[in-house]
Amino acid sequence: MPPRALPSPVLAVLDVGFFRHPDLTARRVIGCFDATGRRVLPFRYGANGTGAEHGTRTMLLAAGSGRASGLVSPAPRAKVVLVKVGEGGRVPREAIVRSYRWLLAHAARYAIRVVLCPFGDDPEVRGVRSEVPALVEALAARGLVVVAAAGWDPANEVISPARSPHAIAVGGWDLADNRPARGPRVGVVEGVLKPDLLAPAVPLEVPCLRGSRMHEKAGGTSFAASLVAGAALRILEKEPGLGKDGVLARLAALGRPVPGHPPYLPLRALRRSAPRIS
């Protein structure tokens, strides 16, 4: 009897909201969940009150088909689960914790393997320990690859959850100046150099929210992390037995060395393995 085929890996995008867009059709969105309340509840893709510009861009940069925009992501055919974890521009710690606990309970059911976290945890307060690092470690132990934005403040270190040694932290690359973008200091966190990778962040072409061929410009490590998350999913489609370290090694091998910084993954490397969308 032939071995049972593993399901295609699914990407979970955690962000403040998601508008429906023709580059990510409803048939590829296998679940939408709102973690901003006391319980994680399902919602319909494109429902009123669930949209946000930031989350729409992160989901499209990771998994958009490019059918409407012409901007093909690294994972243009991937199935996606959307998890709303904030309102406006804020992602509170309580919602991050609630979403991570939900993933621990339900990731296997949805075949989720990559978790995109384009946000940072609340600032640490003396005497108050965040559950986020322990939950990232638990997700990694279940075989989930957490890809997180390193942050944007050049005066600070890499932010949580990206600072966890169990997550892939993505810093930014300035496409205009062809150099590392302004961002958190490169440093060793718990024995691991952070961020782990650099990816295009500013000025980055992103799909127009109206679903046309007109493109807009945006910037931030959130969008760099989105590109890397899509590439990570493509790697797992080919090598489903890999965990965080294996995926990171494959990604780093696609990049180019940058003295004093982690490897840089240019757009052509991130999109190299993306299937053609006809």
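A short reminder: the numbers here are calculations on the coordinates, not readings from a lab. Please read all numbers here as calculations on a predicted model, not as lab measurements. Neighbour counts run over all protein chains shown; Cβ positions are idealised from the backbone, glycine included.
Some observations on this one:
- Shown in residue order for the range 167-172 are the 3J(HN,Hα) couplings computed by the Karplus curve 6.51 cos²θ - 1.76 cosθ + 1.60 at θ = phi - 60°: 10, 8, 8, 10, x, x Hz (x for Gly and Pro).
- The Rg/Rh ratio for the range 1-70 is 1.06, where Rg is the radius of gyration of the alpha carbons and Rh is the Kirkwood radius.
- Under 5 Å between amide hydrogens, built in the peptide plane, is the criterion, and for Asp122 it picks out Arg93 among residues at least 5 positions away or on other chains.
- Working note: Cα gyration tensor of the range 92-137, eigenvalues times five, square-rooted, sorted largest first, giving semi-axes of 23, 11, 8 Å.
- Antiparallel bridges, percent of DSSP beta bridges restricted to the range 55-169 (to nearest 5): 20 percent
- Net charge contributed by nearby residues that have their C-beta within less than 14 Å of Ala218 (K/R +1, D/E -1): -3
- Largest-first principal axis extents, alpha carbons of the range 12-116, Å: 38, 29, 20
- Count of Lys pairs (Cα-Cα under 24 Å; at least 8 positions apart or interchain) in the chain: 5
- Take each peptide in 169-176, 223-230, 128-135, 243-250, count the other Cβ atoms within 10 Å of every residue, and average; sorted highest first, the result is 223-230, 169-176, 243-250, 128-135.
- When DSSP beta bridges are restricted to pairs lying wholly in the range 186-278, around 90% turn out antiparallel.
- Averaging the Cα positions of each part gives two centres, and for the range 137-154 and the range 1-69 these lie 18 Å apart.
- For the pair Arg101 and Arg20, the difference between a 0.36 nm per residue extended length and the Cα-Cα distance amounts to 26.6 nm.
- Amide H to amide H distances under 5 Å link Gly172 with Ala181, Ala199, where only residues 5 or more positions off or on other chains count and H is placed in the peptide plane.
- With both residues required to sit in the chain, DSSP beta bridges show an antiparallel share near 35%.
- Measuring r between the beta carbons of Arg129 and Leu193 and using R0 = 22 Å, the FRET efficiency lands at 0.35.
- The value of relative contact order for the chain, using C-alpha pairs under 8 Å at least six residues apart, is 20 percent.
- Listed candidates (1) 20.2, 75; (2) 27.8, 87; (3) 17.1, 58 - label of the one calculated as Rg and Dmax of the Cα atoms in Å: (3)
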